[in-house]
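Presented below is the structure to which this report refers.
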Amino acid sequence: MNIGNVGGYLINVILFGVMYDWRIMLGLGIVPATFVLIILVLPYKLAGIPESPRWLAKVGRLDEAREVLLDLLDGDEVEADKAFQAWVEEARNEGGIASWGETVSAFGTTHRRQALAGVGCGIMNMFTGIMIMMIMTTTLLVSTGMDKRTAMWTSVVLGCAKAGIMLVVAFFVLDTWGRRPLLLLSLSLCSVAATLGSCAAYFHLGEGYIVLGLALFVMGYSVGIGPVPWVYMPEVLDSRFRGKGTSMGLSGARACAVTQVLLYPIVFPMIGVSGLFVFLLTVNLLGALYIYMFCPETKNRTLEQIAELFNGDDAPKASKRV
């Protein structure tokens, strides 16, 4: 996704100034979307993109589930047998995939803590304002006095930094530092960056400090609140509710992003750059408080062990024990 964002920025810079440039930019978005659609409808053996083996087992497609699982485990039949045994036990105790009515009811009662942690963490992925930064960066920089082409190249550099940091975190840091520390560090860095940006704009310190604030914000986002929810959401939600709960988290995140982006052209002329950074500071501080209160650590735990984190009387105590 991030490499795709950077590719889009580069193509826009190349097309800038060409006749009908904005029409071509919008139209080219159809190409990758069509490609992804074709890949998704192809069978697993052709596309290489499997259904979740846990989901396949949940809906009774056991042969397919075992085939996919063995492929993902490089043919480790012992590990596959352990997984299947755990899934059978889970299905015996919990039943099949829950309906939407059961899911909403459980998230309001018996599985409320899981929902607060999983769905809430997913919403934080976009609640923190990153979509404004990624989509409106060029407009924001132009408003500080930077020419449009330079602003577009700055967006490319910020996109590269975001993609690079997120790749490092996903491959080398996520399973060593843990989910919760990365989330809190990320939101703290975003808050510091927003503070720097608001002060730079308010005291007229120059566009250099504003660019620095933007860069730190994007990098801070990439440290945790960008990549971690994609792992954390499905980890903390039980199998019966995982698909629907994850979709609620992602839909909530996109709803936040759409709302912020639609309001930006209306509100930005009234609050300016400093007001925008104050908004970013507010939502990131709220996000950090939310993660601290509702999201315990899940590192090095199986899905079955993670469920035990939410069985106590006090969610913060579960976080402290980890």
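The values are calculated or read from the model by the stated rules, or taken from the named source; none is laboratory data. All figures in this text were calculated on a predicted structure; none of them were measured in a lab. Glycine gets a Cβ as well: all are built from the backbone with ideal geometry, and neighbour counts include every protein chain shown.
Go through the residues of segment 233-247 one by one and say whether even a single one is in a loop (DSSP other than H, G, I, E, B), aliphatic (A, V, I, L, M) and surrounded by fewer than 24 Cβ atoms within 10 Å (Cβ to Cβ). No, segment 233-247 contains no residue that is in a loop (DSSP other than H, G, I, E, B), aliphatic (A, V, I, L, M) and surrounded by fewer than 24 Cβ atoms within 10 Å (Cβ to Cβ). Would you pick out the residues in segment 135-155 that are surrounded by 21 or more Cβ atoms within 10 Å (Cβ to Cβ) and within 21 Å of P227 (Cα to Cα)? T137, S155 - these are the residues of segment 135-155 that are surrounded by 21 or more Cβ atoms within 10 Å (Cβ to Cβ) and within 21 Å of P227 (Cα to Cα).
Would you say V36 is closer than 20 Å to G243 by Cα, outside the structural domain of T139 (by TED's automatic domain parsing) and either assigned to a helix (DSSP H, G or I) or of a type in the set (A, V, I, L, M, F, W, C) (or both)? Considered against the rule, which asks whether it is closer than 20 Å to G243 by Cα, outside the structural domain of T139 (by TED's automatic domain parsing) and either assigned to a helix (DSSP H, G or I) or of a type in the set (A, V, I, L, M, F, W, C) (or both), V36 comes out as no.
Restricting T150, T144 to residues that are at pLDDT 85 or above, closer than 16 Å to L212 by Cα and hydroxyl-bearing (S, T, Y) narrows the list to T150. I'm trying to understand the selection: among the residues of segment 252-308, which are of a type in the set (D, E), in contact (Cβ under 8 Å) with a residue 60 or more places away in the chain and either under 23 Å from M131 (Cα atoms) or in a helix (DSSP H, G or I) (or both)? Selection gives E304 alone. Does segment 39-54 contain any residue that is closer than 24 Å to P234 by Cα, over 23 Å from the mean Cα position of the chain (by Cα) and at pLDDT 85 or above? Taking every residue of segment 39-54 in turn, at least one turns out to be closer than 24 Å to P234 by Cα, over 23 Å from the mean Cα position of the chain (by Cα) and at pLDDT 85 or above.
A single entry from L174, L158 fulfils the requirement of being in contact with a Pro (Cβ under 9 Å, 6 or more places away or on another chain), hydrophobic (A, V, I, L, M, F, W, C) and in contact (Cβ under 8 Å) with a residue 24 or more places away in the chain: L174. Looking across A163, A151, one residue alone is within 15 Å of the chain's Cα centre (by Cα), among the aliphatic types (A, V, I, L, M) and assigned to a helix (DSSP H, G or I). It is A163.
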